[in-house]
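Here is the structure we will look at.
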Amino acid sequence: MSFLVSQQKSNDDVGFQSTLQSLATITAAMGLGIIALYNMVYDLADKRVRTEERERINKILTEAKEGDTIEVELEFNGKPPTKSKPTMRESLTELSKSWELKSMATMVICYNVCIELTEVLWKALLRRTYTNKSAYMDFMATFSQTVGWVTVFMQLIAPSIIRGLGWTGAALLVPLSMGGLAVWFFSSVAGAEEGGATLATALLIGTLQNVVSKVTKYSLFDPCKEMAYIPLGHEAKVKGKAAVEVFGARLGRSIGSASQQLLVLASRGSGIIQCAPQLGFLYCTALLFWSKAVLTLGELFDGPAKDDAEGQPSGLTGLIHVRLDSNEGEKKIVSIEAERGKY
């Protein structure tokens, strides 16, 4: 993006429109490339899994003798998967039955509330500082590049952070790092409005806070959230995850936007920058709920397992005993016994 902006022949609307058209073309080409690569990788993985499973089953059946009992260790989590996609009502019902999913939904909602509260205020400062469209686009290009490079570095060391701090410590690192910079950001904006720190200083702190917010989301928040789904049953993974990812993210953004609109209306249209102290209070409130959800969910990894609403412990595995018999060289299954246990 920085290269395209630098190639603009003019800083007027004509040059800006030309840059947008070039960016749209590049984005469309990248999107088509992603679709092609996804389909290719999915087909290759599907073929490999089917081939390996077929070879494994053929080997078991070929080596089996009359009267042999074959033990096949499988994972099973509740009911078998269904082909139909869960409805939003089914997803919300599943969400209401699981304390783990409620905690994950709280994390997702609070993260999106925090992002909404800081991004809008930060971009208001950007628009006030960079009045030229080309300058604004060049700044955002540099910002995106910084986020990309720092994210790559953080993703390389994220496994070490999770191993060193544990799931709870790594998950808490996200709200703590975001919150520390956000308090500084809101304070600097309020101070600038009162004649203290300059808006340039507030913009610098806000940029740093937004970089940390996005980097920690990609490198720590998302991996920790996905790890939390692993011990859950099949219904929770399919139906509950849909509610957490879709409903939680939209609700969080909506809460953040509605809060800002109400604050601006209550201040009689004075502007979002003048509402920085109130936004900071809402941000800290969301952080408290977020941290409490992380500590609660941390019991799934650091404490004893809890039972779900149906009394079944999460993350069940077990053994399926298959007895084969042969008659004139033809093998057939004569009995199947399932044993459910916690491992």
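Just a few scattered comments:
- Only residues that are free of Cβ contacts under 8 Å to residues at least 60 places away in the same chain and either touching an Asp or Glu at 6+ places or on another chain (Cβ under 8 Å) or outside any helix (DSSP H, G or I) (or both) were counted in the stretch 266-286, giving 4.
- For the stretch 217-261, the set of residues classified as among the β-branched types (Val, Ile, Thr) and over 17 Å from Met178 (Cβ atoms) consists of Ile230, Val238, Val244, Val246, listed by residue number.
Results for (1) touching a His at 6+ places or on another chain (Cβ under 9 Å); (2) within 18 Å of Leu126 (Cα to Cα); (3) in contact (Cβ under 8 Å) with a residue 24 or more places away in the chain; (4) assigned to a helix (DSSP H, G or I), shown as yes or no for each residue.
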{"residue": "Gln145", "(1), (2), (3), (4)": "no, yes, yes, yes"}
{"residue": "Val150", "(1), (2), (3), (4)": "no, no, yes, yes"}
{"residue": "Gln155", "(1), (2), (3), (4)": "no, no, yes, yes"}
{"residue": "Ile161", "(1), (2), (3), (4)": "no, no, yes, yes"}
{"residue": "Gly169", "(1), (2), (3), (4)": "no, no, no, yes"}
{"residue": "Leu181", "(1), (2), (3), (4)": "no, yes, yes, yes"}
{"residue": "Ser187", "(1), (2), (3), (4)": "no, yes, yes, yes"}
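- Taking (1) modelled with pLDDT of 85 or more; (2) surrounded by 15 or more Cβ atoms within 10 Å (Cβ to Cβ) in turn, Arg250 satisfies each apart from (2).
- Which numbered condition Lys217 misses (of (1) among the charged types (D, E, K, R); (2) within 22 Å of Leu125 (Cβ to Cβ); (3) in contact with a Gly (Cβ under 6 Å, 6 or more places away or on another chain)): (3)
- Neighbours by Cβ (under 8 Å, 6+ apart or cross-chain): first from the stretch 121-138, under 17 Å from Gly206 (Cβ atoms); second polar (S, T, N, Q) and in a helix (DSSP H, G or I): Trp122/Thr207; Trp122/Gln209; Trp122/Asn210
- When Gly240 is tested against (1) open to solvent by 40 Å² or more (accessible area, probe 1.4 Å); (2) at pLDDT below 90, just one condition goes unmet, and that condition is (1).
- Yes/no for Val246 being part of a helix (DSSP H, G or I), more than 26 Å from Gln278 (Cβ to Cβ) and in contact (Cβ under 8 Å) with a residue 24 or more places away in the chain: yes
The rows are residues; the columns are (1) modelled with pLDDT under 75; (2) within 21 Å of Val211 (Cα to Cα); (3) under 17 Å from the mean Cα position of the chain (by Cα).
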position: Lys83; (1), (2), (3): yes, no, no
position: Leu101; (1), (2), (3): no, no, yes
position: Ala105; (1), (2), (3): no, no, yes
position: Ile109; (1), (2), (3): no, yes, yes
position: Thr129; (1), (2), (3): no, yes, no
position: Met140; (1), (2), (3): no, yes, no
position: Ile162; (1), (2), (3): no, yes, yes
position: Trp167; (1), (2), (3): no, no, yes
position: Ala171; (1), (2), (3): no, yes, yes
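The values are calculated or read from the model by the stated rules, or taken from the named source; none is laboratory data. Quantities reported herein were computed from a predicted structural model and do not represent experimental measurements. Cβ coordinates were reconstructed from backbone atoms using ideal geometry, including for glycine residues, and neighbour counts include every protein chain displayed. We work out accessible area using only protein heavy atoms, side chains counted, and drop any ligands, DNA or RNA first. Shrake-Rupley method; radii C 1.70, N 1.55, O 1.52, S 1.80 Å.
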